[in-house]
Amino acid sequence: MASTKEYLDFILEQLSDLDEVNARAMMGEYILYYRGRVFGGIYDDRLLVKPVPAAEELMPDAVMELPYEGAKKMILVDDVDNRKFLCKLVKSMWEELPEKKKKKSML
């Protein structure tokens, strides 16, 4: 089941207090970026984030779920109605997220 554009729009609205939050469509789902780094995605209308220490600390009892078959488990964010919490979560994760990989030049 693919995610809906309506759910994406809802999550982006919840994160609208943060600058530089973007989404990219990928095979019926959406990858989410904050300030150029991937922090999670929307899979089957579920918000999943990378299991970095900051996210685990803010959601110690969170459930880990597979975004899709063959992927690594991610943290399910079930408190998506809490705008303040979502913004705090994403902001706190940024330092621990890997930087975007540079493409190798073909020279």
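Taken together, the values in this text are just the output of simple stated rules run on the coordinates, not laboratory data. The shown structure was predicted, so the numbers you read here are calculated from the model rather than taken from an experiment. Backbone-built Cβ (ideal geometry, glycine too); neighbour counts: all protein chains shown.
Annotations for the structure displayed:
- Close lysine pairs were tallied over segment 5-96: pairs 8 or more places apart or on different chains with Cα atoms under 20 Å apart number 5.
- Within the chain, the longest run free of trypsin sites (Lys or Arg not before Pro) that sit in a DSSP loop with at most 16 other Cβ atoms within 10 Å is 36-71.
- Net dipole in debye of the chain [+1 Lys, Arg Cβ; -1 Asp, Glu Cβ; about Cα centre; nearest 20]: 780 debye
- Length released on extending from Lys5 to Asn82, taking residue separation times 0.36 nm less the Cα-Cα span: 25.7 nm
- Counting other Cβ atoms within 10 Å as a rough exposure proxy, the listed residues Asp44, Asp19, Asp78 run Asp19, Asp78, Asp44 from fewest neighbours to most.
- Note that the chain, at 20 °C in a medium of 1.002 mPa s, gets a Stokes-Einstein diffusion coefficient of 151 µm²/s from its Kirkwood radius over C-alpha pairs.
- Extension gain for Ser16 to Leu66 (0.36 nm times residue separation, less C-alpha to C-alpha distance): 15.4 nm.
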